[in-house]
Amino acid sequence: MTITTHANPLVQKAFGAPKSELHIHIEGSLEPELIFALAQRNNVKLAYESIEALRAAYAFTDLQSFLDIYYAGASVLLHEQDFYDMTMAYCERALADNVVHAEIFFDPQTHTERGVSIDTVVAGIDRALADAEKRGLTSKLILCFLRHLSEADALATWDAALPLFERYPRMIGVGLDSSERGHPPSKFERVFEQARAKGLKLVAHAGEEGPPAYIYEALDLLKVDRVDHGVRSIEDPALVTRLADSRVALTVCPLSNTKLCVFDDMTQHTLKQLLDHGVAVTINSDDPAYFGGYVNENYSAIVEALKLDDKEVYTLLRNGFEASFVTPVERAALVAKLDQYWTQDGSSAVA
Ligand code: ADE
Ligand code: ZN
């Protein structure tokens, strides 16, 4: 149980709730302290003199300004144990926030282009997740293609990853991340087609900085099961209706959106409008080491800024389980656990 406390009783209640996290880049959980420790362990030279200097550089103006620093931070990851240590550090923070199920992204191309094998990456991450599972955190792994790289690079990554999907049952899907503008989902239609043919789950970042047209492409061409971010859908009423009717969930990351200047401040966030329209919105941390908070801080920021009520917070928590890639039996158990906590007697808060 978390020891974090908050003056707002509804935020406190959300902090203690069993919850999911469906949008977390594991490389985005690398705290500056661990970056420096791994740099020293692996003899990697960083462009920053100190932990404080690195943290001071976390003043982002847009997605690209963040990605430049995020890829530099990931350069300290070389060995299986490095990937284990990074992942275990995230799991500790997630457990402290009462996350009981996490679906975690990783970016193999960030590592393979530095000569680290994809086997090393997945072995370290999966070993940590197996250890965390013994402590009550179940998880899935989603391989993301970097959209600023070529389609050929994504296809080569897919080929290299194929045996790993067999070897690691936790690896259940593919996603699409990195620089969105100028790299529409259509660029990756063929590699997603191959992943779909294998029966994998499909997600893609769309409508974070990119236009609603990219969300349509993610739905129609990539045939995604969830949209990551998707906040710019609010600009297109027909798209909002389609998302609400289809229950294709959005994995929204409030602190990310304000840190990357998608919204000027949290009171401008469109999450409540999306919820009001019946869109299956979920709350997530994206890159918590860079954006000032893990999943519970995302709940507190959005609940306070948008003055969400008890029912809305329950809906967000419940959506996080409904949209997860678990079996129907597992989903029912997760929802029952939430209902037990939220209402004390186990009856659903919304029904
Ligand atoms: N990779 C890590 N975080 C990301 C984000 N917020 N958008 C796109 N790619 C990312
Ligand atoms: Zn993301």
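The values are calculated or read from the model by the stated rules, or taken from the named source; none is laboratory data. Just so it is clear, the model here is predicted, and its values are computed rather than measured. Note that we place each Cβ from the backbone using ideal geometry, even for glycine, and neighbour counts take in every protein chain shown. The area values use the complete protein model at the heavy-atom level, side chains included, leaving out ligands, DNA and RNA. Shrake-Rupley method; radii C 1.70, N 1.55, O 1.52, S 1.80 Å.
Those residues that are hydrophobic (A, V, I, L, M, F, W, C) and either open to solvent by 10 Å² or more (accessible area, probe 1.4 Å) or in a strand (DSSP E or B) (or both), I need them from region 133-162; list them, please.
First, the residues of region 133-162 that are hydrophobic (A, V, I, L, M, F, W, C): 137, 141-146, 149, 152, 154-156, 158, 160-162.
Once the filter is applied, which keeps residues that are hydrophobic (A, V, I, L, M, F, W, C) and either open to solvent by 10 Å² or more (accessible area, probe 1.4 Å) or in a strand (DSSP E or B) (or both), region 133-162 yields Leu141, Ile142, Leu143, Cys144, Phe145, Leu146, Leu149, Ala152, Leu155, Ala156, Ala160, Leu162.
Report the residue count in region 144-159 for those that are over 17 Å from Glu180 (Cα atoms), in contact (Cβ under 8 Å) with a residue 24 or more places away in the chain and among the hydrophobic types (A, V, I, L, M, F, W, C). So that I can check it myself, show each step before the final result.
Keep residues of region 144-159 that are over 17 Å from Glu180 (Cα atoms), which gives 152, 155-159.
Pick out the ones that are also in contact (Cβ under 8 Å) with a residue 24 or more places away in the chain and you get 155, 157-158.
From what's left, among the hydrophobic types (A, V, I, L, M, F, W, C): 155, 158.
Residues meeting the conditions: 2.
It is to be established whether one or more residues within region 238-250 are within 16 Å of ligand 2 (Cβ to nearest atom) and at pLDDT 95 or above. It would help to see each step written out before you state the result.
Residues of region 238-250 within 16 Å of ligand 2 (Cβ to nearest atom): 249-250.
Applying the additional criterion that residues be at pLDDT 95 or above yields 249-250.
Scanning region 238-250, I find at least one residue that is within 16 Å of ligand 2 (Cβ to nearest atom) and at pLDDT 95 or above, so the answer is yes.
Within region 165-217, restricting attention to residues that are closer than 25 Å to Leu260 by Cα and basic (Lys, Arg), which residue is nearest to ligand 2 (Cβ to nearest atom)?
Within region 165-217, the subset closer than 25 Å to Leu260 by Cα is 174-188, 202-217.
Keeping just the survivors that are basic (Lys, Arg) gives 181, 187.
Values: Arg181: 15, Lys187: 18 Å.
Filtering region 165-217 for residues that are closer than 25 Å to Leu260 by Cα and basic (Lys, Arg), the one nearest to ligand 2 (Cβ to nearest atom) comes out as Arg181.
With respect to Gln109, determine if the residue is open to solvent by 40 Å² or more (accessible area, probe 1.4 Å) and among the polar types (S, T, N, Q).
no
Does at least one position in region 219-226 carry a residue that is within 26 Å of Asn298 (Cα to Cα), within 16 Å of ligand 1 (Cβ to nearest atom) and modelled with pLDDT of 95 or more?
yes
I'm trying to understand the selection: among the residues of region 313-330, which are part of a helix (DSSP H, G or I), among the hydrophobic types (A, V, I, L, M, F, W, C) and either farther than 18 Å from Ala301 by Cα or open to solvent by 40 Å² or more (accessible area, probe 1.4 Å) (or both)?
Here is the first cut: in region 313-330, the ones part of a helix (DSSP H, G or I) are 313-322, 328-330.
Those left that are additionally among the hydrophobic types (A, V, I, L, M, F, W, C): 313, 316-317, 321, 329.
Within region 313-330, Phe321, Val329 qualify.
Would you pick out the residues in region 302-311 that are among the aliphatic types (A, V, I, L, M) and either within 15 Å of ligand 2 (Cβ to nearest atom) or part of a helix (DSSP H, G or I) (or both)?
Restricting attention to region 302-311, the residues satisfying the condition of being among the aliphatic types (A, V, I, L, M) are 302-303, 305-306, 308.
Of everything in region 302-311, those that are among the aliphatic types (A, V, I, L, M) and either within 15 Å of ligand 2 (Cβ to nearest atom) or part of a helix (DSSP H, G or I) (or both) turn out to be Ile302, Val303, Ala305.
Do any helices (runs of 4 or more DSSP H) entirely within region 1-97 hold 3 or more residues that are among the acidic types (Asp, Glu) and surrounded by 15 or more Cβ atoms within 10 Å (Cβ to Cβ), and if so, which? Don't jump to the end; show me each part of the working.
On the way: elements: 9-16, 32-42, 51-56, 63-74, 80-96.
Where helices (runs of 4 or more DSSP H) fall fully within region 1-97 and carry at least 3 residues being among the acidic types (Asp, Glu) and surrounded by 15 or more Cβ atoms within 10 Å (Cβ to Cβ), they are 80-96.
Listed residues Asp264, Asp287; which is within 11 Å of ligand 1 (Cβ to nearest atom) and charged (D, E, K, R)?
Working: Asp264 fails: within 11 Å of ligand 1 (Cβ to nearest atom).
Step by step, each of Asp264, Asp287 is checked, and only Asp287 is within 11 Å of ligand 1 (Cβ to nearest atom) and charged (D, E, K, R).
Which residues, counting only those in region 180-195, are open to solvent by 10 Å² or more (accessible area, probe 1.4 Å) and touching a Leu at 6+ places or on another chain (Cβ under 6 Å)? Talk me through it step by step, then tell me what you get.
Start the filter on region 180-195 by keeping residues that are open to solvent by 10 Å² or more (accessible area, probe 1.4 Å), which leaves 181-184, 186-187, 189-190, 193-194.
Once the filter is applied, which keeps residues that are open to solvent by 10 Å² or more (accessible area, probe 1.4 Å) and touching a Leu at 6+ places or on another chain (Cβ under 6 Å), region 180-195 yields Ser186, Glu189.
Would you confirm, using the coordinates I've provided, whether Arg127 is under 20 Å from the mean Cα position of the chain (by Cα), modelled with pLDDT of 95 or more and open to solvent by less than 10 Å² (accessible area, probe 1.4 Å)? Break it down stepwise before answering.
Details: under 20 Å from the mean Cα position of the chain (by Cα): yes; modelled with pLDDT of 95 or more: yes; open to solvent by less than 10 Å² (accessible area, probe 1.4 Å): no.
No: the conditions fail for Arg127.
Being closer than 30 Å to Leu316 by Cα and not in a loop (DSSP other than H, G, I, E, B): is that true of Ile104 here?
Numbers: closer than 30 Å to Leu316 by Cα: yes; not in a loop (DSSP other than H, G, I, E, B): yes.
Judged against the criteria, Ile104 is a match.
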